[in-house]
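So the structure is just underneath, and the comments pick up after that.
The values are calculated or read from the model by the stated rules, or taken from the named source; none is laboratory data. As the structure is a computational prediction, the values presented were derived from the model and not from experiment. All Cβ positions, even for glycine, are placed from backbone atoms using ideal geometry, and neighbour counts span all protein chains on display. SASA here: full protein model, heavy atoms, side chains in, ligands and nucleic acids out. Shrake-Rupley method; radii C 1.70, N 1.55, O 1.52, S 1.80 Å.
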Amino acid sequence: MRHLPLLAVLAPGVLHAQPAQQPDTIRVGHPSVAHALAAGVDSTDTYFVAPSGERRLGVVYEERVVPVSGGFLVVQRNARPDGRLLSLDSVAVDGRTLATRWHSDLTPRGSRRVTFANGRMAGTATDSAGTVTPVDLPAPSDAIDYSLGSRLVPHLPLREGYVATLALHDVTRGPQWTTVRVLGREDVAVKGATVSAWKVALEYGTFSATQWIDPTAKRMLRTQVERGTTRMVAERR
């Protein structure tokens, strides 16, 4: 059963009487990030969904979080069901603030390794032909690594009508902003059990997603993405 606000049936005067919530801006050091990471391994299966509703497993995602001195190393692997690597990212962050120390990535198109200091990222990028190019670019010191964005969402102070903006930085695309908006509560069937989850809309600029969050375990249960005619559903194992 859905538990969404009945705004559509309210009179305009009532709607104007509701105080608008100011978006919460999530940056490095925000109180919500302190417990976003913990040692362990998580796996997520992403399915491509046909117009008929048929699902086909397309990507297997594994995230491993390892404690290191004063922080965490997060290793994220995306692969096809047959094991072919799509991407491999390793990110070292401060354990309390999530400030990025260094980030390396590997895809069939090449690799990159950069370190972060004094508002810049510096290192090298290597293309598929083996050509190495120096990297030295501005990088906001208060932005959180883009690859950790969805990891943060379950740890935000989610509530009816809550809105937040994630200040993120991608090692190839630069500064990125993601809007998080809580739509309400919705029952989700997971492994034979029903969870009253927060239903959250995520706006990435070029596409949007819907995510269902377990409010007790503080973890993603399901994510749905629609881009044009492509529909994908990711479910945590």
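If HIS16 meets every condition in (1) modelled with pLDDT of 95 or more; (2) over 15 Å from ASP145 (Cα atoms); (3) open to solvent by 30 Å² or more (accessible area, probe 1.4 Å); (4) not in a loop (DSSP other than H, G, I, E, B) apart from one, which number is that one?
Failing condition for HIS16: (1).
To keep it simple, each residue is scored yes or no on (1) over 19 Å from MET220 (Cβ atoms); (2) open to solvent by less than 40 Å² (accessible area, probe 1.4 Å); (3) assigned to a strand (DSSP E or B); (4) among the charged types (D, E, K, R).
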residue: TYR47; (1), (2), (3), (4): no, no, yes, no
residue: ARG64; (1), (2), (3), (4): no, no, yes, yes
residue: PHE72; (1), (2), (3), (4): no, yes, yes, no
residue: ARG101; (1), (2), (3), (4): yes, no, yes, yes
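If you scan the stretch 119-151, which residues turn out to be closer than 22 Å to LEU86 by Cβ and in contact (Cβ under 8 Å) with a residue 40 or more places away in the chain?
Within the stretch 119-151, ASP145, SER147, LEU148, SER150, ARG151 meet the criteria.
What are the residues in the stretch 159-194 that are at pLDDT 95 or above, more than 28 Å from ASP89 (Cα to Cα) and among the aliphatic types (A, V, I, L, M), if any?
Answer for the stretch 159-194, where residues must be at pLDDT 95 or above, more than 28 Å from ASP89 (Cα to Cα) and among the aliphatic types (A, V, I, L, M): VAL163, VAL182, LEU183.
Would you be able to tell me the number of residues in the stretch 181-209 that are among the aliphatic types (A, V, I, L, M), farther than 17 Å from ALA234 by Cα and without any contact (Cβ under 8 Å) to a residue 40 or more places away in the chain?
Residues flagged as among the aliphatic types (A, V, I, L, M), farther than 17 Å from ALA234 by Cα and without any contact (Cβ under 8 Å) to a residue 40 or more places away in the chain within the stretch 181-209 amount to 2.
Can THR97 be described as touching a Gly at 6+ places or on another chain (Cβ under 6 Å), closer than 24 Å to ALA38 by Cα, among the hydroxyl-bearing types (Ser, Thr, Tyr) and open to solvent by less than 70 Å² (accessible area, probe 1.4 Å)?
Judged against the criteria, THR97 is a match.
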